[in-house]
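> Before we start, here is the structure in question, set down as structure tokens.
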Amino acid sequence: MMNDNWYKSQSWYAPLVSDSLDEQKADTAASGSALQETGKNKPKKGFTPLRITALILVLILLIAGSSMAFRFSSPASDTSEAPLFPENNEEMPTNPKDFFEQYYESVVTDKTEVNIQSVEERPDYTMTAVPAQGDDLSLQEIYEKCAPSIVSISGYQGNKVGYNWGSGIVISAEGLILTNTHVIEDCDRAVVCFEDGTEYEAKLVGADSISDIAILKIEADHLTPAEIGDSSSLRVGDRVAAIGNPLGESFRNTLTDGIISAIERGMNYQGRSMTLLQTNTAINEGNSGGALFNMHGQVIGITNMKMMSSYSSIEGIGFAIPTGTFVSVVNSLISEGEVKGRPALGITVGAIPTNAKEKYNLPDGLYVTEVSEGSDAKAKGVLPEDIILAANGTPVTTTAEIAAIKNELKVGDVMTLTIWRNGETMDIDVVLVDTNDLD
């Protein structure tokens with residue numbers, strides 16, 4: 001993932017790491033956060049001349065700060081047009097390798113560890129997406145229909161204080177729960193809690209770090225499973241609603257609404273390419289693993305990421321994994337405990353920003369940051385710092401483009417990479433391997 005010092009995608013919008021509720025309230029009070037208890041009378045304060053003067057100074061500072069925040073260009077898409085050094089290319093390192101080491105954040109190549117006790121038997125369940133039928137529901141009707149299918153998930157890591165807080169979706173009446181893998185990453189216990197406060201210890205059915213999909217199982221029955229919809233029928237502008245558990249227990253089963261802002265938004269996080277739904281529906285930390293519903297009350301996505309900035313306010317840019325992506329993953333995890341037969345090149349690539357191409361006289365393409373052990377790419381001699389110009393004869397400049405070509409193939413197929421290295425161009429035939437065979 002590029003590091004352009006302007007914006008970032010929150011760590012899959014990482015699960016909210018919480019201490020006890022009382023400790024949260026204490027921390028809130030100490031920090032002066034807007035997350036305060038309501039319903040308590042507080043002494044009113046008058047507007048003295050000193051306070052009015054202070055207020056004016058604060059407003060001036062806020063206006064000045066906003067002006068500075070918006071000096072920067074709009075956040076880059078996967079084409080990486082926003083430079084790391086926006087003021088002066090002469091400040092860039094002389095060696096392009098040094099530039100790219102700064103430009104790309106460290107890539108997480110290790111497989112996600114989930115240490116929750118596994119189920120003894122594979123559940124008997126197959127997920128299918130159902131086409132939407134009938135008239136649209138109101139938001140009130142959607143909440144009444146769907147809220148019973150949303151749970152909160154607390155993930156515990158050994159003896160560490162606090163816990164990971166996220167959301168989940170009931171997908172079977174017999175206790176199967178769908179969530180994001182990052183909600184339970186590194187956890188050895190998970191507790192599923194319903195809106196009425198009923199809690200269940202969960203076991204692991206399967207977890208996949210590449211798709212960020214995980215399945216838990218609780219000992220319960222007669223639950224209300226969510227209806228799974230078909231994301232392929234979505235169009236930009238379609239209304240949607242999200243239900244999840246943002247920011248801790250106080251905000252369980254929060255409903256927000258918005259529209260679909262983009263259908264196939266290519267996102268790159270820590271070297272992993274994902275094709276997601278983009279929405280302006282309000283989602284926050286703790287919503288991870290919750291549902292994005294269409295107006296028929298069907299799950300059409302799992303909220304898992306949002307855009308954030310250290311320099312400016314970014315609102316209404318959230319993402320969800322579409323059902324078209326996760327249905328097959330869910331069925332593999334339930335039947336096998338893992339996803340098999342998914343092709344991989346075994347290389348991590350990133351787009352090259354315009355100023356780097358100009359500074360270092362580089363061609364259009366994708367910069368190779370890492371080559372995985374166990375891959376045919378490694379065996380065939382693909383190297384970090386190579387630039388991939390084309391895949392199977394098609395020019396590629398974004399991770400989404402090369403991923404789309406790869407996803408049309410299967411394990412064992414050959415993908416021809418046209419590579420530029422130190423001014424020379426060569427073709428290398430790489431055999432796609434199973435993702436599970438990569439180290």
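> Packing-wise, with mean Cβ within 10 Å as the measure, how do 286-298, 250-262 rank, highest first?
Order by mean packing, descending: 286-298, 250-262.
> Residues in the stretch 319-356 near a label at N392, defined as backbone nitrogen under 16 Å from the 7 Å Cα→Cβ point?
Taking a point 7 Å out along Cα→Cβ of N392, the residues of the stretch 319-356 whose backbone N falls under 16 Å are 342-346.
> Here's a follow-up. Hey, could you get me the Stokes-Einstein D for the stretch 302-367, Kirkwood radius over alpha-carbon pairs, 20 °C and 1.002 mPa s, rounded to whole µm² s⁻¹?
Roughly 133 µm²/s, to the nearest whole number.
> Right, next: Hey, got the Cα dimensions of the stretch 132-204 along the principal axes, in Å, largest first?
50, 21, 20
> Report the label-to-label distance for N331 and A173 in nanometres (one decimal), using points 7 Å from each Cα along the Cα→Cβ vector.
For N331 paired with A173, the spin-label model returns 2.2 nm.
> Give the calculated FRET efficiency between E373 and T112 to the nearest 0.05, with a Förster radius of 25 Å applied to their Cβ-Cβ distance.
Values: r = 18 Å, r/R0 = 0.70.
Plugging the Cβ-Cβ distance into 1/(1 + (r/R0)^6) gives 0.90.
> Mind running the shape call on the stretch 324-430? Use the C-alpha gyration tensor, a ≥ b ≥ c as the square roots of the eigenvalues: rounded below 1.5 for a/c, prolate if a/b tops b/c, oblate otherwise.
prolate
> Continuing with this model, one more query. Round to the nearest 0.05 the FRET efficiency obtained for E144 and N280 when R0 = 25 Å and r is the Cβ-Cβ distance.
Values: r = 24 Å, r/R0 = 0.95.
So, using R0 = 25 Å, E works out to roughly 0.60.
> Pull out the extension gain between M308 and R189, defined as 0.36 nm times the separation in residues minus the alpha carbon to alpha carbon distance; nm, one decimal.
39.9 nm
> Please work out how much length the chain gains when fully extended from A220 to R235, using 0.36 nm per residue of separation minus the C-alpha to C-alpha distance, in nm with one decimal.
My answer for the length gained is 1.7 nm.
> Subtract the Cα-Cα distance of E338 and K380 from 0.36 nm times their separation in residues, and report this length gain in nm to one decimal.
My answer for the length gained is 12.4 nm.
Each value in this text was obtained by applying a stated rule to the coordinates, not by laboratory testing. Quick caveat, the model's predicted, so the values are computed rather than measured. Neighbour counts are summed over all protein chains in view; Cβ atoms, including those assigned to glycine, are modelled from backbone coordinates with ideal geometry.
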